[in-house]
Amino acid sequence: MTGTVTELWRYPVKSMDGGRLDEAAVTPRGIPGDRAWALIDRATGKPLSGKRHAKLLLCRSRYLDEPTAKSVPPAEMTLPDGTVLSTDDPAAARVLSLYLGADCAPASSPGGFFDDRPLHLVTDASLRSLRAAFPLDFDRRRFRPNLLVSVAGDGFPELAWVGRTVAVGGARIAVAKTTKRCVMTTLPQPGLPEERGVLPAVVKEGGALGVYGAVVADGVLRVGDLVSA
């Protein structure tokens, strides 16, 4: 099976909106800077997630300086009211704690704050199949992939990649498992309204959409790259 990378995404702060890239050099840690920052609950030491703190999903994040595999700069965060903060801003912890109603502070991790593996892939065939079965908004942004892959036909082709090594441009990605979806797919994000039916629809189709993978051969991912599984 072959496909093409049509979108490449990075999310600087866990559970915040991110941005599209034209290319990214990847390593076993994934895309440099992806989910390298999170808001840490100061009581538990654990990262906050949009699953329990839905207001995180309404915030945007980006880098003003480009991360590398060895260095991650501060990330800029924009709240829904237009407030702009940097992760290294001394006031950030206070402002974000008030916004979220949780005592938290920005922190970075060299290994990133991933739910599972460092890369997440979704095909447009899966999204088309869901749209054909259910009259709902299955915008790909609800599923927060790193790679959106265009594949001809319908069905859920990426689910068959589990256990395989997928070639993407010059990189090789070992696909480890399917991505079980959660309530985050139903919640509002910048430019997307709440859509409560999304998760029940995915559950009816098996509960998984997309796959997690890890880089086993470094390379550069680019929009337009051939994907071969």
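Overview of values
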item: Lone qualifier among ARG196, ARG222, ARG181 - being of a type in the set (Lys, Arg), open to solvent by 60 Å² or more (accessible area, probe 1.4 Å), at pLDDT 95 or above and in contact with a strand residue (DSSP E or B) (Cβ under 9 Å, 6 or more places away or on another chain); result: ARG222
item: Pairs where the first residue, in the range 169-187, is under 30 Å from LEU58 (Cβ atoms) and of a type in the set (Ser, Thr, Tyr) and the second is open to solvent by 10 Å² or more (accessible area, probe 1.4 Å) and in a loop (DSSP other than H, G, I, E, B), C-beta under 6 Å, 6+ apart; result: THR186/GLU195; THR186/ARG196
item: Residue in the range 101-114 that is surrounded by 18 or more Cβ atoms within 10 Å (Cβ to Cβ) and among the polar types (S, T, N, Q) present; result: yes
item: Residue ID - nearest to PRO145 (Cα to Cα), chosen from residues in the range 87-124 that are among the aromatic types (Phe, Trp, Tyr) and not in a helix (DSSP H, G or I); result: PHE114
item: Residue among ARG60, ARG52 that is crowded, with 18+ Cβ neighbours inside 10 Å and among the charged types (D, E, K, R); result: ARG60
item: Some residue of the range 163-171 being within 16 Å of GLU205 (Cα to Cα) and part of a loop (DSSP other than H, G, I, E, B); result: no
item: Contacts under 7 angstrom Cβ, first residue in the range 100-124 being over 17 Å from ALA69 (Cα atoms) and touching a residue at least 12 places away in the same chain (Cβ under 8 Å), partner part of a helix (DSSP H, G or I) and among the aromatic types (Phe, Trp, Tyr), 6 or more apart; result: VAL122/PHE143
item: Among residues of the range 21-43, those that are open to solvent by less than 60 Å² (accessible area, probe 1.4 Å) and over 19 Å from VAL216 (Cα atoms), counted; result: 8
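Rundown of residues vs (1) small (Gly, Ala, Ser); (2) in a helix (DSSP H, G or I); (3) over 24 Å from THR4 (Cα atoms), yes/no style:
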position: SER126; (1), (2), (3): yes, yes, no
position: LEU130; (1), (2), (3): no, yes, no
position: PRO135; (1), (2), (3): no, no, yes
position: PRO145; (1), (2), (3): no, no, no
position: ALA160; (1), (2), (3): yes, yes, no
position: LEU209; (1), (2), (3): no, no, no
position: VAL215; (1), (2), (3): no, no, no
position: LEU221; (1), (2), (3): no, no, no
position: VAL227; (1), (2), (3): no, no, no
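The values are calculated or read from the model by the stated rules, or taken from the named source; none is laboratory data. Values in this document were obtained by computation on a predicted structure and should not be read as measured data. Note: ideal-geometry Cβ built from the backbone for every residue, glycine included; neighbour counts use all protein chains shown. Note: areas computed on protein heavy atoms with side chains; ligands, DNA, RNA excluded. Shrake-Rupley method; radii C 1.70, N 1.55, O 1.52, S 1.80 Å.
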